[in-house]
Structure formats: structure tokens, C-alpha cells
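Every number in this text was worked out from the coordinates using simple rules, so none of it is lab data. The structure displayed is predicted, hence computed values, not measured ones. A quick note on method: Cβ atoms are made from the backbone with ideal geometry, for glycine too, and the neighbour counts reach across all protein chains shown.
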Amino acid sequence: MRVDGSEYGPANIETLREWKAEGRVLPANEARRADAELWSLAAEIPGLFDEEALRHSQRRAADPFDKFSAASAATTASRLRIRF
């Protein structure tokens, strides 16, 4: 996982589910497999988020001028920085 430029992990699916339950992993967070170079969204991890969360995350990522998503991302990054 990558949040506000800091990387966390590697973590297995059980740990990711715990982090999700604690509010530390959101669909829009960046994630990648330990053996991969390219980053994607946490929403794309099979079994971590439902399809609605994936669609919502993709919709937000597609609109870089969405003020709500920018403010939400900043708030989330701030909250996550404190919790980790």
C-alpha cells in the first residue's frame, strides 16, 4: 500500500481486511503486489472491496477536478498518516 508517498507492507489479504475495517485502507489507496512494479487501486484487490466501491473509485479517479474527491483524499491521507 502507498499512502501520501509512504509505503506499507507487504501485507496478506487478512491484514488488508483488518486495515480496511479500521479505516486505514480505502478503495482509492494505491496498491501493488510485492512482485509487481505498477501501482493500481486498492479497490481492484480481489475480495477486499465490493464492485460498487470499485466503480466509485474509478469514477473519482477519472475526474481530477472533482473538488470533493480532492478534499476527501487530503483528509483521508491526513487521517491515515496519523494512524500508521
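So how do 5-13, 18-26 stack up, highest first, on mean other-Cβ count within 10 Å?
Values: 5-13: 11.8, 18-26: 16.3.
Result, highest mean Cβ count within 10 Å first: 18-26, 5-13.
Quick query: amide H of residue 3 versus all other amide H atoms, modeled in the peptide plane; which residues come in under 5 Å with a sequence gap of 5 or more or a different chain?
Amide H to amide H, under 5 Å and 5 or more residues apart or across chains, residue 3 pairs with 8.
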